[in-house]
Amino acid sequence: MDAFFAAAEQAAKPSLRGKPVIVGGLGPRGVVSTASYEARVFGVRSAMAMAQARRLCPNAAYLAPRFAVYRQVSDTVMGLLSELSPLVEPLSLDEAFVDLEAGGVPASPEAARAVGERLRADIAAATGLTGSVGLAGSKMLAKIASEQAKPDGLVLIEPGTEWELLGPMSVRTLPGVGPATAEALRRAGIHTVAETREAGEEELVRLLGKAHGASLYAMACGRDDRPVVAERDAKSVSVEDTFDVDLTDRTRVQVEVARLADRCVRRLREAGRSGRTVVLKVRRYDFSTLTRSETLRGPTDDPAVVREAAARLLEGVDTTAGVRLLGVGVTGLADYTQEDLFAQAAQAAHEAEEAQERAQEVTEGAGEAGGAPQALPAALEEGGEDVSRPRRWLPGADVRHAEYGAGWVQGSGVGRVTVRFEDPWSAPGRVRTFAVDDPALEPAEPLPLVRPEPAAGPDESPAIPDGSPGHDRDQAHDQHQAHAPDPGHDHGPGPGHDHGPGHDPGRAHDRDRGRAQPLTSSP
DNA sequence: TCTGGGGTCCTGCCCCCT
DNA sequence: TCTGAGGGGGCAGGACCC
């Protein structure tokens, strides 16, 4: 998929189409996940510090990723791929290898090209997004072809042309050659694929080690017989958080490690696995990273066991100078069924313990100062809403207003949140600003990017009528409500308080009159 | 004001066992 | 009974990928 996250956001948000869009971590230490092609013109790239991106492209829309949406689109695309062949190997949400031969596609360039073009059309129809297709006789070449095809194209590498094609390319083109390998090769005077071949396998092994050197030589010669492998089991599960501000307080570090251990086990259990080796990861103030690991006698999915192991590992790490990242992982995965009986018997006790932990966290939460990891949307953590914290409105998040309908958060701050009201099928919408605790405004489920088929029935009119559903009407509301008095705040959401619709819409105050956007610049 | 989060694979070292 | 070689597991770090 082309500029996947950013393209999905543009599809979901009509006002962003044709504009620079940057998806990534929005905190002070965020990095760019994906930049739209419009943003790349300014030099913004994946993995770049968000701060640098903002300097390069201050007028872009900066959005937090919405993985639920991307996963949905990804499932759709992977479904189309699986219609082509039983052998589909997903590499990530937006990329996969397909073995066309296993799918019975005749081994001719014409047949492959036809399948590729049809696939691209099907993806566009099913998702509203563009994807690029690389066709070749091996994974490495197919991948190179797909890179060349981007955006929105198809490239086929004819058998027999690989040698000349690869020769002049940079070594960085080859899979497995990153900055360090490229530098090692550069020092040896090797810059291109052809020079890599000329160096010979022996020299590459000497420079890079056995496995890396040998595989690099094969790749440089265009030899790559790695099969397409469907369904690979994960070998580790891990979670990590970078903190907005370095942690120095030892107790806080211990609390965070325990939280991460619990999150890690939750993920482990969701996957129905257990693990034997617990890994603690610590990135210090100076970005130096260390890991400590401990192998248990048998695999576990017991939060208490993982928490305790992580705590023991932490004991051996000096954190006084400041910690910017903490992580907890589990490797040596086994099937859940191998869980030992003792732990299962003790599980009830641990669950009671967990419940107590959570109760404690809520009371501690109120005093939490800066340095929080990118706060999870409060609603995500546990069913109940955490009343001790104000709701956080992440830019890009889906919302629904009792009166104005579906929209997305454009920005928030100083007690207000700015929302653009539009949906994937509407014309670009307009912006309104509300108090962050406006009860008429709620987080919402993402809308599908492609308009769903109208419900089967005699009446074929779609749920959302064509044409913009009445800016004029909105305007009328503006007149009425622009000066609605700000009712006093009630900070005691007692029992029975809910955010359901039907609250007095007069609480919505629209101070921007559709123009001023004090918090984020409108693209 | 640089530098996320989720992974995989490889290497080197140490230690223990055979 | 002692010794040395070699294999394998555990551990830490690093490179790479999306």
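The values are calculated or read from the model by the stated rules, or taken from the named source; none is laboratory data. Note that the structure is predicted; figures quoted are calculated from it, not measured. Note: ideal-geometry Cβ built from the backbone for every residue, glycine included; neighbour counts use all protein chains shown. For accessibility, only protein heavy atoms count, side chains too; no ligands or nucleic acids. Shrake-Rupley method; radii C 1.70, N 1.55, O 1.52, S 1.80 Å.
Ranked by the mean number of other Cβ atoms within 10 Å of their residues, highest first, the peptides A:443-450, A:283-290 fall in the order A:443-450, A:283-290.
Let me make sure I get this right: for region A:1-133, a, b and c are the square roots of the gyration tensor eigenvalues over alpha carbons, sorted descending. Under 1.5 in a/c it's rounded, otherwise prolate if a/b > b/c, else oblate. Which is it? It comes out prolate by the Cα gyration axes.
Amide H to amide H distances under 5 Å link A:Ala406 with A:His401, where only residues 5 or more positions off or on other chains count and H is placed in the peptide plane. For the listed peptides A:182-191, A:321-330, a ranking on the average number of other beta carbons within 10 Å per residue, highest first, reads A:321-330, A:182-191. Pick out, from A:Gly222, A:Leu204, A:Thr181, the residue whose Cα sits farthest towards the positive end of the charge dipole of region A:178-237, with +1 on the Cβ of Lys and Arg and -1 on the Cβ of Asp and Glu. Selected residue: A:Thr181. Rounded to 0.05, the FRET efficiency of the A:Val205 and A:Val31 pair, given R0 = 30 Å and the Cβ-Cβ distance, is 0.30. Per-residue Karplus couplings for region A:140-155, computed as 6.51 cos²θ - 1.76 cosθ + 1.60 with θ equal to phi - 60°, are listed in order as 4, 6, 5, 5, 4, 4, 5, 5, 5, 6, 5, x, 6, x, 9, 10 Hz, Gly and Pro entered as x.
Each of the peptides A:7-14, A:153-160 was scored by the mean count of other Cβ atoms within 10 Å over its residues; in descending order, highest first, they stand as A:7-14, A:153-160. Scanning residues 5 or more positions from A:Leu156 or on other chains, those with amide H under 5 Å from its amide H are A:Leu135, with H placed 1.01 Å from N in the peptide plane.
Between A:Val255 and A:Trp163, the simple spin-label model (points 7 angstrom out along Cα→Cβ) gives 6.6 nm. Solvent-accessible area assigned to carbon and sulfur over region A:164-220 amounts to 55 percent, based on a 1.4 Å probe. Label-to-label distance, A:Arg186 versus A:Asp286, with points set 7 angstrom from Cα along the beta-carbon direction: 2.5 nm.
With the simple model of a label 7 Å out from the Cα in the direction of the Cβ, A:Ala114 to A:Ala271 spans 4.1 nm. Shown for region A:68-159: the carbon plus sulfur share of the solvent-accessible area, taken with all protein chains present and a 1.4 angstrom probe, equals 53%. Surface analysis of region A:164-220 yields an accessible area of 52 Å² per residue, using protein heavy atoms and a 1.4 Å probe. Taking each residue as 0.36 nm, the span from A:Ala107 to A:Gln52 lengthens on full extension beyond its C-alpha to C-alpha distance by 15.1 nm.
Carbon-plus-sulfur accessible fraction, region A:4-65 (probe radius 1.4 Å, protein heavy atoms only): 57%.
Relative to the Cα centre, the charge distribution of region A:4-65, modelled as +1 at Lys and Arg Cβ and -1 at Asp and Glu Cβ, gives a dipole magnitude of about 120 debye.
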